[in-house]
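Written below as structure tokens is the structure these notes are about.
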């Protein structure tokens, strides 16, 4: 027996209910015997009298199995959205590899006599926003490359996702889906006159038993709580009741094969470019209950290579919407500095419940929105939340006087506007940014391991908050902070390595994270002025360099002054820096050979190595990418270049040059 209810108050226990008569009948027919839950406990969780976060994984999994069984039996315990977004989402959050989430959820008839299905029947992976659909498409693109297919030429199909009773028709028998491997023979429903939808014939494979939405609303809604409840009555072994027999005889209850569903077909570019319109058109295209849109790639080779999990086909996904809205009043807007230096506005609101969660705070997009829309104390906003997605502000209904901070709430430094965002540029001394800035320093150096986010946070919690302090630590210091002896030894060795192993001076300067001074701008700057002189530059000196306009020059001068003392302290540790050659860029104002060109290098190079060629191209002004897009200007190829990449370059009109042709281009320019 579960223990979390042992501490439940007497008042709470008095609120607990039992299953309905119909729910008890379904459980009895399925011979379902819960191991961890009583009726009252299950209903208490469903009614949220007991917080789902307080129950154990196995208890939650059993509750989900129970809710699924009752839902499929037509007497649901919780709504479809609550099942997905509260209870299943909680199990997925805390235990994503739990066996319940990896198997096909069985039908309630599974306890009856079963037979082997002609083919495996799977559930469908679900997505609740376009970002999840994009990740799915990315997996298909990866499979296409491995199969030497051109992703941009693959055909995708989208169909309404019917909310009916899943079944499989092999032409002789009709089966329930069961657990995906074994189901129940329900051929009797065809013997009773059930028709195949859309004029289809028997033997068209997987589909759903459904009833017309309009027909249900006009003729059955008074007797049945929902269409699924009615659909379950169609397959019962006993003689049909009059409503079911009448719906079948009139062709209102049908078996709808998935292959006959109205659809949209097209390329990924068309689907992604007009996603909302495609989905919206399909949602209400048929007069049957739908709870989403199913997307799938049509290429058989891709389907075969992607295969399936124990739960779903990897080449297929269902997009589901569950957007709830609420109108609430803003109490106050609080600025919060992020690790990257952006100051984000967080609105505290009157509490509102959306998709099962109590919302008290919501992040406003940026201070540009706060200023433009009037998000301040007393403003009325419309919130929306779709499934597990973080709540967002849809609209400001009643504006108020906005609150715009002038200084960083973390360090007190003045803030600057960067487009719609407020930014704190005091990255090396701002408490909110310091761990991020230390991590950025080591990552940019590129010659040190062992100082990831968890290690840096651990060091920071031991009151070590600057880079010079970190470089001064001994092995004993690291051990005292909780690092193991070997790890401590390695960290000291890595810090030594970062100082003795040679790196470019522009890389060292870029590691300080000065606003608008990324690696490219640092390299440009140091090709004109020595590292020791950059702290003396005026805005006019910086503006004389090509690409450095007024705002950038101001930021550079201000930023360099801000890091000067820290730079001197670290520079004195004796880093082994290679000096950027004065001719890395062709003078201050001369146009670079490859300026603005987007280049991709692919294949095995003979006359040089890929990394060296990339560095050279960057020095000549190019932007080097790893994949071909419509913006790519040139593909430089060596040996063993993939056919897919060459085909894509041809389709997009990208210029293809060999390694020798590329070097010849560079040499001809040098000779001029």
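Can you tell me the FRET efficiency between residue 404 and residue 192 if r is taken as the Cβ-Cβ distance and R0 is 60 Å, rounded to the nearest 0.05?
0.30
Calculate how large, on average over all directions, the projected area of the Cα convex hull of the chain is; give the answer in nm² to one decimal.
If you wrap the Cα atoms of the chain in a convex hull and average its projections, you get 37.9 nm².
Is the shape of region 286-344 best called rounded, prolate or oblate, per the rule: a/c under 1.5 gives rounded, else a/b larger than b/c gives prolate, else oblate, with a ≥ b ≥ c the square roots of the Cα gyration tensor eigenvalues?
Cα axes put region 286-344 in the oblate bin.
Under the classification rounded if a/c is under 1.5, otherwise prolate if a/b is larger than b/c and oblate if not, where does region 227-336 fall, given a ≥ b ≥ c as square roots of the Cα gyration tensor eigenvalues?
oblate
Between residue 260 and residue 380, what is the spin-label point distance in nm, taking each point 7 Å from the Cα along the Cα→C-beta axis?
5.0 nm
Before rounding to the nearest 500, sum -39500 (n - 2.57) across all DSSP H runs of length at least 4 in the chain and divide by the residue total; then give [θ] at 222 nm in deg cm²/dmol.
My calculation for the chain gives -10000 deg cm²/dmol from helical runs alone.
Have a look at region 434-578 and give its Rg and Dmax from the Cα atoms, expressed in angstrom.
For region 434-578, the Cα radius of gyration and maximum Cα-Cα distance read 16.4, 52 Å.
Which value in nm describes the separation of the simple spin-label points at residue 346 and residue 420, placed 7 Å from the Cα toward the beta carbon?
Rounded to a tenth, the inter-label distance reads 2.0 nm.
Return 256, 515 ranked ascending by Cβ neighbour count within 10 Å, so the fewest neighbours appear first.
Ranking 256, 515 by Cβ neighbours within 10 Å, fewest first, gives 515, 256.
Give me the distance between the Cα centres of region 410-468 and region 172-207, rounded to whole Å.
About 62 Å separates the Cα centre of region 410-468 from the one of region 172-207.
Tell me the angle of helix 610-619 to the major Cα principal axis of the chain, expressed in degrees between 0 and 90 and rounded to the nearest ten.
60 degrees
Grab the beta carbon distance between residue 579 and residue 639, set R0 = 41 Å, and tell me the FRET efficiency rounded to 0.05.
That gives a FRET efficiency of 0.75.
Along the Cα→Cβ direction, 7 angstrom out, place labels at residue 47 and residue 148. What is the inter-label distance in nm?
Distance between the two pseudo-spin positions: 6.4 nm.
Stretched out fully, how many nm does the piece from residue 179 to residue 95 gain, at 0.36 nm a residue minus the Cα gap?
Between residue 179 and residue 95, full extension yields an extra 28.1 nm.
Starting from the Cα-Cα distance between residue 394 and residue 571, subtract it from 0.36 nm times their residue separation and give me the gain in nm to one decimal.
Full extension of this stretch gives 58.8 nm more.
Would you please give the FRET efficiency between residue 369 and residue 493, computed as 1/(1 + (r/R0)^6) with r the Cβ-Cβ distance and R0 = 60 Å, to the nearest 0.05?
After rounding, the FRET efficiency stands at 0.80.
What number do you get for region 598-671 when its Cα radius of gyration is normalised by 2.2 N^0.38 Å, N = residues?
After normalising by residue count via 2.2 N^0.38 Å, the value is 1.03.
Which of rounded, prolate, oblate describes region 447-531, given a ≥ b ≥ c as roots of the alpha-carbon gyration tensor eigenvalues and a/c under 1.5 marking rounded, otherwise prolate only if a/b is larger than b/c?
It is prolate, given that a/c is not under 1.5 and a/b is the larger ratio.
Bear in mind these aren't lab numbers, they're just calculated from the coordinates by the rules spelled out. Predicted model, so just to flag it, every value in this text is computed and none were measured. Heads up, the Cβs are rebuilt from the backbone with ideal geometry, glycines too, and the neighbour counts pull from every protein chain shown.
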